[in-house]
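To start, the structure under review is shown below, and the notes come after it.
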Amino acid sequence: MSPVSVMTFYSKHHSLPIPKGSNRTRRKALLAVCMLLCIQPAATAQETADSVEADGKMPGVIKQVLDRLNRPPRYLDDRYVRKPPTKFIVTLRGRVQQTGVRINDYSELDTDWGLANSTQADLRMQERLHYKAGCYITYSGIRAGLGMSVGRKSAEKSTSLYLGCINSYYGITAQYNNIKEKVSSDMHSTVDYHGENYENDSMEGDAYMESDYPADMREIQLDGYYAFNRRRFAYTAVYGGSVVQRRSAGSWMLGMKYLYGRVKFDSRESFFPIYVGGITRFTTQQLSVGGGYSYNLVVLNRDERGPLLRGLRNLTFNATFMPMVTMFNPLTIYYDKNLVEWFGYETDHRTRKSHPELNYTATTGMALSIDRFSFVVKVHYDNFRFNTGLRNENQNKLGDEYAMQKNRMKGRFFNWGVRADFQMKF
């Protein structure tokens, strides 16, 4: 309805006197009515805007949280470490890795009727060298992705999982490895005959054996680190990709490791466990703490001069070495039920406290950044040792014929790998 029609309608029904004067008077009246009609739509528009603003509070909160995650930490010294203005990182990854366990089992039986026997078995169980490929997306420090094995199988069965929270100066990661593979063993045995019933004689020999069925190895590993020089040093400058080390710097580190490892022989094995002292499975837990040093060597650095990090040039090398002392290291060994009955053991398993061991973690890597593209190489090696020491066990429960048995079990769980990343930043 036009303003003139409104005037006519209003004058007919409300006897509004329309002046018969000049056109100027009529124009003023029409202008006043138009102003009245515009007040309500303007108020409605303002209410709608207020409503949209009120309804948009939740997306605003999410944006603030993500912006805060992307914001450079205040503790970083910008002369040494800086965080480029990027949010998304797409990573293509290739990896070569291997996980396994090696065991040295020694047993010695000395009888009072003229027979002494000692056996040493070196057992190996490890997956074959294998390759993995994957793709990962990182946003605001949160990474998700998928990886898969490429080429031949690493073992009869292999499963690995990884979860981590990594910061420039602290972090914790969790790994799970499960492989099923046959166990090989090199054995050396010596038999001595002496006493009234035998002429003094001895025999010795070497043998190689392989289990008939795959054994099962499981490994759960937790790693944590803390760098004291958080202002000028960033552990993730090489291994993360979200920050850039501008000047060379290093830091003393604290480290922690926890390992749960288990090896279980297949229950269908009949001959192989005899040569490893009747062991059917064993488990170990380890808690290690220690410290070391990590250093970032910056060979080249030039800051970006345009959008999408155009002009950025950076080449940084890292070397980290952290010796650790195992504070908690029990080893539980389970025996075959026939052996338990034969020697008269009270239970089918025994737990032994291993000697304190020196373990270590070694990591080295390189990161090359050109514009928004980066190429990263990382090499790591983890080693977990255990050693029960030589123990004496009285076997006289079987009668006066038997005297003493000595045994010792030592070994290590290990995993190592080389990884190469190609990163694109947005």
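Look through the stretch 266-283, keep the residues that are open to solvent by 20 Å² or more (accessible area, probe 1.4 Å) and assigned to a strand (DSSP E or B), and return whichever of them is nearest to ASN359 (Cα to Cα).
THR283
For the stretch 243-265, give me the residue count where each residue is over 21 Å from the mean Cα position of the chain (by Cα), closer than 21 Å to VAL101 by Cβ and open to solvent by less than 40 Å² (accessible area, probe 1.4 Å).
From the stretch 243-265, those over 21 Å from the mean Cα position of the chain (by Cα) are 244-252, 263-265; that's our starting set.
Subsequent filtering for residues that are closer than 21 Å to VAL101 by Cβ retains 263-265.
Narrowing further to those that are open to solvent by less than 40 Å² (accessible area, probe 1.4 Å): 263, 265.
Of the residues in that region, 2 qualify.
Within the stretch 261-271, is there a residue that is closer than 28 Å to TYR136 by Cβ and basic (Lys, Arg)?
Of the stretch 261-271, the ones closer than 28 Å to TYR136 by Cβ are 261.
Subsequent filtering for residues that are basic (Lys, Arg) retains none.
Within the stretch 261-271, not a single residue is closer than 28 Å to TYR136 by Cβ and basic (Lys, Arg).
If I ask for residues that are over 10 Å from SER294 (Cβ atoms), surrounded by fewer than 22 Cβ atoms within 10 Å (Cβ to Cβ), touching a strand residue (DSSP E or B) at 6+ places or on another chain (Cβ under 7 Å) and not hydrophobic (A, V, I, L, M, F, W, C), which ones from the stretch 216-240 would you list?
Selection gives ASP216, ARG218, GLN221, ASP223, GLY224, TYR226, ARG232, THR236, TYR239, GLY240.
Looking at the stretch 296-314, can you tell me whether even one residue there is in contact with a strand residue (DSSP E or B) (Cβ under 6 Å, 6 or more places away or on another chain), among the small types (Gly, Ala, Ser) and either modelled with pLDDT under 95 or farther than 30 Å from TYR213 by Cβ (or both)?
Within the stretch 296-314 (the criterion being in contact with a strand residue (DSSP E or B) (Cβ under 6 Å, 6 or more places away or on another chain), among the small types (Gly, Ala, Ser) and either modelled with pLDDT under 95 or farther than 30 Å from TYR213 by Cβ (or both)), the answer is no, since none of the residues qualifies.
Can you tell me which residue in the stretch 64-79 is nearest to SER168 (Cα to Cα), limited to those that are at pLDDT 85 or above and open to solvent by less than 40 Å² (accessible area, probe 1.4 Å)? Please lay out each step first, then the result.
First, pick out the residues of the stretch 64-79 that are at pLDDT 85 or above: 75-79.
Next, only the ones that are open to solvent by less than 40 Å² (accessible area, probe 1.4 Å) stay: 76-77.
Numbers: LEU76: 9, ASP77: 12 Å.
Looking at residues that are at pLDDT 85 or above and open to solvent by less than 40 Å² (accessible area, probe 1.4 Å), I get LEU76.
Give the stretch 321-333 a look and list any residue that's open to solvent by 10 Å² or more (accessible area, probe 1.4 Å) and within 30 Å of ALA367 (Cα to Cα), or say none.
Selection gives PHE321, MET322, PRO323.
Pairs, please: C-beta under 8 Å, at least 6 apart or cross-chain, first residue surrounded by fewer than 16 Cβ atoms within 10 Å (Cβ to Cβ) and in the stretch 284-300, second at pLDDT 95 or above and not in a strand (DSSP E or B)?
Close Cβ pairs (under 8 Å, with a partner that is at pLDDT 95 or above and not in a strand (DSSP E or B)) amount to TYR295/SER248; LEU297/SER248.
Find all pairs meeting these conditions: Cβ atoms under 6 angstrom apart; at least six residues apart or on different chains; first residue within the stretch 239-267 and closer than 25 Å to GLN286 by Cβ; second residue open to solvent by 20 Å² or more (accessible area, probe 1.4 Å) and small (Gly, Ala, Ser).
MET253/GLY291; LEU254/GLY291; GLY255/GLY290
The values are calculated or read from the model by the stated rules, or taken from the named source; none is laboratory data. The structure presented is a predicted model; accordingly, all values stated were derived computationally and were not measured. Cβ coordinates were reconstructed from backbone atoms using ideal geometry, including for glycine residues, and neighbour counts include every protein chain displayed. Heavy atoms of the whole protein, side chains included, go into the accessibility calculation; ligands, DNA and RNA do not. Shrake-Rupley method; radii C 1.70, N 1.55, O 1.52, S 1.80 Å.
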